[in-house]
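Worksheet: one structure, shown below.
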Amino acid sequence: MKGYFKYFRNKFFWFVVTLIFAFLLNFLLPRLMPGDPVAAITAKIAQGSTSIETVKEVYKEYEQLFGTDKPISQQFVLYVRNVFNGDFGTSFTQYPRKVSSIIGSSLGWTLALQLPAILVGWIIGNVLGALAAYVKKGWDKVVMPVAIFVNNLPAFGLAVIMLVIFAVQLKWFPTSGGYGFDLIPSFTPNFIKSVLVHYQLPFWTLVLIAIGGQAIGMRSMSIYELNADYVKYARFMGVPDGKIIGYVFRNAMLPQVTGLALALGTMVGGSLVAETIFSYPGLGSTILSAVMGSDYPLISAATLIVTMMVLAFNFLIEIIYGLIDPRIKAAQSD
Amino acid sequence: MGKVMLEVKELTTKYITRFKEDVYAVDHVSLKVEEGKSLGIAGESGCGKSTLALSLMGYYFPPLYYTSGDIIIDGRNISGMEPDDIRKTILGREIAYIPQAAMNALNPTGKVINFIEDVVRAHDSKITKAEVYEMASERFNLLGLPPSTLERYPVELSGGMKQRTVIAISVILGPKVLIADEPSSALDVTSQKMVIRMLMDLMEKQVIKSMIFITHELPLLYNVTDDIMVMYAGQMVERGTAQQTVFDPLHPYSKGLMGSIIVPESGSRGVRLTAIPGTPPNLKKPPFGCRFAERCRYVTPECIVRQVEPVETSNNRMYRCIFSEEYLRKAYANE
């Protein structure tokens with residue numbers, strides 16, 4: 001257990017270091033983008049006003065409000081202090097809405113879409129991949145080409161195909177949105193039914209994409225493990241097949257667990273394409289519009305959440321790995 | 001003569017490649033090992049040594065297939081048995097195997113004791129965890145391995161330790177025949193010595209009743225085993241006691257093989273080492289006549305057109321050559 005504590009401490013140290021750098025880049029990168037958002041807002045507000053003085057006045061006011069008149073180092077200190085107080089600032093593009101309220105309203109949609117899709121896709125994909133490796137014969141000849149085909153289809157392509165077939169041609173599902181445009185979010189049976197119907201297309205698009213990649217990975221890992229020396233030795237010692245399959249799939253699963261963690265980490269910002277095509281009211285659509293409008297506070301907050309999720313899941317997975325794979329623990333405690 | 005532990009009669013097995021070609025890696029091999037004795041199998045890479053080791057266990061899975069012949073372990077013919085029965089009643093219990101690459105022979109994510117449990121339970125489902133532990137630590141103690149090894153993962157063991165652990169696991173059920181496939185070839189000399197001593201120990205303490213030891217290191221074989229069999233291109237070409245095969249080889253191939261190595265004995269200092277020219281034949285299309293003919297310095301046209309059968313000599317030796325014992329000895333003396 002002493003070795004494990006050392007492993008944990010080491011991983012935690014790197015987690016903190018990465019977090020600090022991620023925080024810094026998160027702040028800096030959007031602000032290095034060309035374009036002046038304050039000018040854009042001023043132009044919008046001061047539309048029709050001919051007086052240069054008034055425009056200047058308005059510009060000054062907003063510059064002060066957003067803090068863009070101060071040197072960038074000072075802005076950073078301010079930003080860090082505010083973030084620690086849970087204040088991500090005010091959105092530029094959706095002024096005067098608070099960034100935290102924008103993210104709060106879209107995050108739920110994204111999580112509800114992504115989490116089940118990733119989990120379902122991961123489980124189905126791994127089962128199919130394991131079966132393809134173990135059963136071989138005709139099964140493998142069907143699963144593999146289909147998996148490769150689906151996996152290589154770009155997300156937007158698959159989304160558009162689904163849209164055309166199921167929404168435009170068959171008219172089984174609506175083409176866009178998270179719920180009927182004539183409804184107001186509430187817990188009424190009518191609204192929930194509308195949400196479920198709108199949910200199907202983006203959900204199955206994401207599931208299909210996840211299945212392909214997972215099945216391919218699991219299949220090759222399983223084939224590799226099935227041919228390992230320990231399988232042969234266990235067989236020649238009379239160990240029954242059921243037990244050996246247990247060894248094999250546990251070992252083959254290890255890289256797949258990493259895959260799941262990465263998918264969960266990037267899930268908040270990951271479905272940008274699917275959300276955009278289906279006009280789903282999630283975080284992906286929010287990030288897209290924030291980038292279009294150089295909305296620094298909103299971009300920073302959204303990417304910060306994505307970064308934190310990625311880091312947190314990576315950290316979590318390394319901790320779990322240390323427990324389930326003795327090889328990693330041994331390598332670390334040397 | 002002691003009780004015969006393992007008798008193999010005319011065993012033939014083949015590999016079937018992806019392109020449906022047959023490769024006869026073990027071709028009509030017969031051998032016999034008595035209780036308390038060990039047999040060494042020597043030969044160059046690709047001659048079918050390891051395939052023979054796998055074939056002897058009577059349990060085949062692709063790409064290896066059984067063709068014909070009998071395997072009799074302690075009076076019981078296993079070649080007609082159902083594969084599942086062989087797995088449950090024979091493997092590990094009657095005949096056990098030490099793989100060539102012990103490095104990867106254990107499941108990397110399982111503790112040693114967990115694998116032992118699975119092995120023991122496969123043959124006796126009623127045994128409890130505590131009993132298995134008792135049994136395993138006793139066996140490990142007997143073989144000079146610390147019982148704390150049982151609680152370790154394979155990655156935590158050194159190469160030599162891993163190999164000895166694998167040997168200890170192989171003999172956990174006290175098999176009648178132990179097949180060791182190059183158990184020491186990947187180890188340094190010190191670990192090799194420990195492994196060999198361990199195998200000798202197993203025989204002495206009667207944990208195992210007989211052993212087949214496969215290696216390309218002839219000097220080692222000479223020191224470890226009672227008898228030696230030389231294989232070439234899937235066939236056995238010579239069989240005799242260790243002393244006979246190493247110091248008085250009959251078959252031109254054995255002669256060449258023995259001439260290419262140093263056996264650390266008095267008088268070997270001035271001996272020049274020789275090499276056998278050429279490469280072994282392709283076993284997809286083995287030559288009709290003597291398989292060694294192409295590389296043999298005593299070859300005659302007859303060797304190529306005639307199938308060569310093994311010849312038993314008076315002192316219980318066997319060799320596969322068209323020439324008589326006297327002719328060969330005279331030829332070797334004239335060099």
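No lab work stands behind these numbers, since they all come straight from the coordinates. Bear in mind the structure is a predicted one, so any value in this text is a computation, not a measurement. Don't worry about glycine lacking a Cβ; one is built from the backbone with ideal geometry, like all the others, and counts go over all protein chains shown.
Panel note: the C-alpha atoms of chain B, placed on their principal axes, show extents of 66, 47, 41 Å (largest first). In the protein assembly as shown, helical runs assigned H by DSSP with n ≥ 4 each contribute -39500 (n - 2.57); averaged across all residues and rounded to the nearest 500, the mean residue ellipticity at 222 nm is -17000 deg cm²/dmol. With the simple model of a label 7 Å out from the Cα in the direction of the Cβ, A:Asn85 to B:Glu309 spans 10.3 nm.
Over region B:276-335, the Kirkwood radius and the radius of gyration, each from Cα atoms, give a ratio Rg/Rh of 0.98. Counting, for every residue in B:149-156, the Cβ atoms of other protein chains within 10 Å of its Cβ and taking the mean gives 3. A Förster radius of 25 Å combined with the Cβ-Cβ distance from A:Ile184 to A:Ser279 puts the calculated FRET efficiency at roughly 0.90.
Taking the Cα atoms of region A:108-210, the ratio Rg/Rh between the radius of gyration and the Kirkwood radius comes to 1.07. Under the definition of partner shielding as Cβ atoms of other protein chains within 10 Å of a residue Cβ, what is the mean value for peptide B:117-123? Across B:117-123, the average partner-chain Cβ count within 10 Å equals 5.
The eigenvalues of the Cα gyration tensor, multiplied by 5 and square-rooted, give region A:2-84 an equivalent ellipsoid with semi-axes of 43, 11, 8 Å from largest to smallest.
Going by Cα centres, region A:133-156 and region B:40-111 are how many Å apart? Spelled out, the Cα-based centre of one part sits 35 Å from the other. Ordered from longest to shortest, the equivalent ellipsoid semi-axes for region B:1-45 are 29, 12, 7 Å, each the square root of 5 times a Cα gyration tensor eigenvalue. Taken over the protein assembly as shown, the alpha-carbon convex hull comes to 253 cubic angstrom per residue. Relative protection proxy for B:205-218, A:248-261, from highest mean packing down: B:205-218, A:248-261 (other beta-carbon atoms within 10 angstrom). Charges were assigned to the Cβ only: +1 to each Lys and Arg, -1 to each Asp and Glu. The resulting dipole of region A:2-84 about its Cα centre is roughly 880 debye.
Binning the C-alpha pair distances of region A:102-327 at 10 Å intervals from 0 yields a P(r) profile of 8, 26, 30, 21, 11, 4, 0 %, listed from the shortest bin outward. Each residue, B:Val4 and A:Ile319, gets one label point 7 Å from its Cα in the Cβ direction; the gap between the two is 6.5 nm. Could you list the residues of region B:1-32 with an amide nitrogen less than 19 Å from a label point located 7 Å from the Cα of B:Thr89 in the Cα-to-C-beta direction? Residues B:5-7 fall inside that zone. Projecting the Cα atoms of B:Thr279, B:Gln244, B:Gln206 onto the dipole axis of chain B, where Lys and Arg carry +1 and Asp and Glu carry -1 at the beta carbon, places B:Thr279 farthest toward the positive end. Put the Cα centre of region B:160-215 next to the Cα centre of region A:201-239 and the gap is 34 Å. Dipole orientation for region A:102-327: of the candidates A:Gln256, A:Ile299, A:Ile118, A:Gln256 has the Cα lying most toward the positive pole (charges on Cβ; Lys, Arg +1; Asp, Glu -1). Counting only whole DSSP H helices of chain A, the ones at least 24 Å long by C-alpha along their axis and with mean Kyte-Doolittle hydropathy no lower than 1.6 are A:296-324. DSSP finds beta bridges in the protein assembly as shown, and of those with both partners inside it, around 60 percent are antiparallel.
Only the Cβ atoms of Lys and Arg (+1) and of Asp and Glu (-1) were treated as charged; on that basis the dipole of chain A about its Cα centre amounts to roughly 1100 debye. Taking Cα centre as origin and charging only the Cβ of basic (Lys, Arg, +1) and acidic (Asp, Glu, -1) residues, the dipole magnitude of the protein assembly as shown rounds to 240 debye. Over chain A, with a Gaussian network built from C-alpha contacts below 10 Å, which listed residue (A:Lys243, A:Lys60, A:Lys136) shows the highest mean-square fluctuation? With Cα springs under 10 Å in chain A, the top fluctuation among A:Lys243, A:Lys60, A:Lys136 is at A:Lys243. In summary, the convex hull built on the alpha carbon positions of region B:117-270 has an orientation-averaged projected area of 11.1 nm². Over chain B, calculate the relative contact order: mean separation of alpha carbon pairs under 8 Å at least 6 apart, over the residue count, as a percent. Across chain B, relative contact order equals 19 percent. Computed packing ranks the peptides A:92-104, B:45-57 as B:45-57, A:92-104, most packed first, by mean other Cβ atoms within 10 Å. What the pair-distance distribution of region A:58-148 shows, using all Cα-Cα distances binned every 5 Å from zero, is 2, 11, 12, 12, 10, 7, 7, 6, 7, 7, 8, 6, 3, 1, 0 percent. Packing, taken as the mean count of other beta carbons within 10 Å per residue, orders the peptides A:313-319, A:274-280, B:109-115 from highest to lowest as A:274-280, B:109-115, A:313-319.
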